[in-house]
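Have a look at the structure below, then the notes.
The values are calculated or read from the model by the stated rules, or taken from the named source; none is laboratory data. Please read these numbers as outputs of a predicted model, since none were measured by experiment. Glycine also receives a Cβ, built like all others from the backbone with ideal geometry; neighbour counts cover every protein chain displayed. Just so you know, the surface numbers come from the protein's heavy atoms only, side chains and all, with ligands and any DNA or RNA stripped out. Shrake-Rupley method; radii C 1.70, N 1.55, O 1.52, S 1.80 Å.
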Amino acid sequence: MSAALAMLAAAVLDRLLGEPRRAHPLVAFGRMASWIERHLHANLRASGLLAWSLAVLPSVALLTILQRHSPAWLACCVDVIVLYAALGLRSLHEHAQSVAHALAAGKLDDARKAVGRMVSRDTAPLSASQVAAAATESVLENGNDAVFGALFWFAVLGAPGALLFRLANTLDAMWGYRTARYERFGWAAARIDDVLNFIPARLTAFTYALCGNFDSALRCWRTQAPQWDSPNAGPVMAAGAGALRVKLGGAAPYQGIWEARPELGEGATANADAIDRALRLLHRGVLLWLAVTLLVGLVLRGGLHA
């Protein structure tokens with residue numbers, strides 16, 4: 001049950017404090033990763049794998065050693081702190097609400113700027129519904145990347161698992177692009193993130209289904225997810241869009257070019273309310289995960305003392 005209590009404590013800290021305003025550990029990690037890239041970059045998959053290993057494995061190994069050789073109370077504190085640092089629920093909530101509030105007030109330019117802090121696409125040419133769709137997609141996808149994925153790997157491997165997942169996800173965001181510079185160098189970062197996300201993404205998709213419109217979520221997951229380029233983002237966003245009964249996906253502008261993307265979901269066009277409903281869906285999912293983890297912990301504890 002200690003894992004469940006650690007997850008609850010970390011979630012409460014995230015709710016109360018949000019991400020650290022100064023000296024965020026992921027910012028420091030990003031700078032270190034950039035330094036490694038500058039010194040090791042080459043148009044080789046082996047070079048990318050070496051860079052990934054140097055960026056991620058020492059930190060995970062040191063944390064594993066610390067956990068195994070620390071008193072129980074200290075190990076528990078480290079669990080909570082590491083998981084808190086890995087979670088980004090409140091930050092995601094704040095960014096998405098900024099978009100929703102601007103849209104609700106009719107301030108489209110402000111909404112475009114706010115959603116630009118959440119997505120990598122061009123936001124200047126987006127209409128109000130496209131801004132709402134982009135923010136809703138980001139909530140759903142980052143619900144997996146910044147919340148459920150970290151919770152899953154924490155439940156499996158403790159603090160080292162949460163750290164491994166979050167660092168791998170960060171490197172995928174930095175290096176996992178199909179561009180001339182990263183096509184081969186970023187291959188390892190992209191594939192490792194795909195592997196680590198495979199189970200969490202499908203659990204996230206099922207969570208959205210349970211916490212929203214179940215039939216619509218499963219239908220969209222089954223029919224639309226295979227059309228999406230990403231093997232993990234597809235199930236998450238298709239199921240999430242179906243759970244919300246909202247239309248997402250479609251063409252989006254990147255570097256001045258509108259790129260075709262499959263449509264996701266069904267029902268109404270995205271608006272400010274869709275963003276708020278996506279956030280509520282995410283929060284219900286987190287409460288469900290915490291409740292299930294606590295229940296499993298109680299059952300296991302009871303079995304051990306039987």
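Is the shape of the chain rounded, prolate or oblate, going by the alpha carbon gyration tensor and its root eigenvalues a ≥ b ≥ c, with a/c under 1.5 for rounded and a/b larger than b/c for prolate? In terms of gyration-tensor shape, oblate. Taking the alpha-carbon centroid of each part, what is the distance from region 103-169 to region 14-52 in angstrom? First find each Cα centre; the distance between them is then 18 Å. Per residue, the average separation of C-alpha pairs within less than 8 Å and at least 6 apart gives region 171-263 a relative contact order of 21 percent.
For the chain, what is the calculated [θ] at 222 nm in deg cm²/dmol (nearest 500), taking -39500 (n - 2.57) for each run of four or more DSSP H residues and dividing by its residue count? Only helices count here, giving -24000 deg cm²/dmol. Of the trypsin sites (Lys or Arg not before Pro) found in region 84-130, those that fall in a DSSP loop while having at most 16 other beta-carbon atoms within 10 Å are 107, 117. Does region 164-306 come out rounded, prolate or oblate by the C-alpha gyration tensor, with a ≥ b ≥ c the root eigenvalues, rounded set by a/c under 1.5 and, if not, prolate when a/b is larger than b/c and oblate if not? Oblate, since a/c reaches 1.5 and b/c is not below a/b. With the radius of gyration and the Kirkwood radius both derived from the Cα set of region 25-158, what is their ratio Rg to Rh? My calculation of the ratio gives 1.08. Projecting the alpha carbon convex hull of region 16-99 along each direction and taking the average yields 7.9 nm².
With a ≥ b ≥ c taken as the square roots of the eigenvalues of the C-alpha gyration tensor of region 121-221, please select rounded if a/c is under 1.5 and otherwise prolate if a/b is larger than b/c or oblate if it is not? Judged from the Cα gyration tensor, region 121-221 comes out oblate (a/c at least 1.5, b/c at or above a/b).
On region 161-214, 64 percent of the accessible area sits on carbon and sulfur atoms, based on a 1.4 Å probe. Normalised by the number of residues in region 134-197, the average gap of Cα pairs under 8 Å and 6 or more apart makes the relative contact order 24 percent. Rolling a 1.4 Å probe over the protein heavy atoms of region 1-128, with every protein chain left in place, gives an accessible area that is 64 percent carbon and sulfur. Ellipsoid semi-axes for region 81-176, based on the Cα gyration tensor and the rule √(5λ), read 30, 13, 9 Å when sorted largest first.
Note: relative contact order over region 1-101, using C-alpha pairs below 8 Å and six or more positions apart, is 49 percent. Taken as entire DSSP H runs, the helices of the chain that both span 20 Å or more between Cα atoms along their own long axis and average 1.0 or more on the Kyte-Doolittle scale are 2-17, 45-68, 72-86, 272-304.
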